[in-house]
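Student: Please see the structure below; I have some questions.
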Amino acid sequence: MTPAFPLSTERLTLRRAEVTDTAFIVELVNDPGWLEYIGDRGIHTTAAALTYIEDKLWAAEAQHGYAMGILTRRDSGQPVGAAGFLRRDFLPHPDIGYALLTAHAGQGYATEICHALMAQGRSQFGFSAVLGLTSAHNTRSLAVLRKIGLTYLRTEQLPGWSDPSVIYST
């Protein structure tokens, strides 16, 4: 199986999460944008972040061959967010995920990496369809999903989320 990481674009590199990313994970999952649109995952310490990396990210990669990774700027290596594919038991297809620190939002990073991920999903993983999920009031995320070629499918209450999710599909 060809590894999912690294994946590079003109400005970004998506790489596998490492043990040294724990402080960044804590920062990202407690960023105001993450908390508003994704929710509190209870990751407030580097120990909890390490458990998240091992039990969620690495486990997904081992099981499916793909997972969320750490998104960095190519010019500096600075982490700016996370992106990748997720496989959820309650969905029929993988979904594309992305989250940026608020300080790096609005610079086109999500669209740039998601275009690369969509190409990877088709060519490397052979995805027949990709879903995109977000909340109805996350206008930036809705715009990204449309820019990468996904179209509105339905709005549905998904397990584990407090508000209904808007679901887009290829």
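Student: Tell me whether region 130-138 contains one or more residues that are more than 17 Å from Pro92 (Cβ to Cβ), of a type in the set (A, V, I, L, M) and in contact with a Cys (Cβ under 7 Å, 6 or more places away or on another chain).
Tutor: Among the residues of region 130-138, not one is more than 17 Å from Pro92 (Cβ to Cβ), of a type in the set (A, V, I, L, M) and in contact with a Cys (Cβ under 7 Å, 6 or more places away or on another chain), which makes the answer no.
Student: Give the number of residues within region 97-149 that are of a type outside the set (A, V, I, L, M), within 18 Å of Glu61 (Cβ to Cβ) and touching a residue at least 12 places away in the same chain (Cβ under 8 Å).
Tutor: Residues in region 97-149 being of a type outside the set (A, V, I, L, M), within 18 Å of Glu61 (Cβ to Cβ) and touching a residue at least 12 places away in the same chain (Cβ under 8 Å): 7 in total.
Student: Residue by residue through region 101-115, note down the ones that are surrounded by 15 or more Cβ atoms within 10 Å (Cβ to Cβ) and farther than 14 Å from Thr139 by Cα.
Tutor: Hits for region 101-115 are Leu101, His104, Tyr109, Glu112, Ile113, Cys114, His115.
Student: Here is a further query. Is there any pair with a first residue in region 63-90 that is farther than 18 Å from Ala116 by Cβ and a second that is modelled with pLDDT under 95 and part of a strand (DSSP E or B) whose Cβ atoms are under 7 Å apart and which are 6 or more apart or on different chains, and what are they?
Tutor: Correct list of pairs: empty, since none qualify.
Student: If a residue must be part of a strand (DSSP E or B), hydroxyl-bearing (Ser, Thr, Tyr) and crowded, with 18+ Cβ neighbours inside 10 Å, how many such residues does region 126-155 contain?
Tutor: So the answer is 2.
Student: Something else about it: Against the conditions (1) outside any loop (DSSP other than H, G, I, E, B); (2) under 15 Å from the mean Cα position of the chain (by Cα); (3) more than 26 Å from Arg74 (Cα to Cα), where does Gln120 fall short? Just the number, please.
Tutor: Only one criterion is unmet by Gln120, namely (3).
Student: Within region 1-96, considering only helices (runs of 4 or more DSSP H) that don't extend past its boundaries, which have at least 2 residues that are under 24 Å from His137 (Cα atoms)?
Tutor: By residue number, 22-29, 32-37.
Student: Kindly provide the set of residues from region 68-87 that are at negative phi and surrounded by fewer than 15 Cβ atoms within 10 Å (Cβ to Cβ), ordered by number.
Tutor: Arg74, Asp75, Ser76, Gln78, Arg87
Student: Filter region 116-146 for residues that are in contact with a Pro (Cβ under 9 Å, 6 or more places away or on another chain) and modelled with pLDDT of 95 or more and give the result.
Tutor: Answer for region 116-146, where residues must be in contact with a Pro (Cβ under 9 Å, 6 or more places away or on another chain) and modelled with pLDDT of 95 or more: Gly121, Phe125, Phe127, Ala129, Val130, Leu131.
Student: I'm told Asn30 meets every condition in (1) in contact (Cβ under 8 Å) with a residue 60 or more places away in the chain; (2) over 27 Å from His93 (Cβ atoms) except one. Can you identify the failing condition by its number?
Tutor: (1)
Student: Confirm whether Glu36 is among the acidic types (Asp, Glu) and at pLDDT 95 or above.
Tutor: So Glu36 fails the test.
Student: Here's something else I'd like to know. When region 47-67 is examined, which residues are found to be of a type in the set (Ser, Thr, Tyr) and surrounded by fewer than 15 Cβ atoms within 10 Å (Cβ to Cβ)?
Tutor: If the condition is that a residue be of a type in the set (Ser, Thr, Tyr) and surrounded by fewer than 15 Cβ atoms within 10 Å (Cβ to Cβ), then Thr51 is the only one that fits.
The values are calculated or read from the model by the stated rules, or taken from the named source; none is laboratory data. If you're wondering where the values come from, they're calculated on a predicted model, not measured in any experiment. FYI the Cβ positions are ideal-geometry reconstructions off the backbone, even for glycines, and counts take in every protein chain you see.
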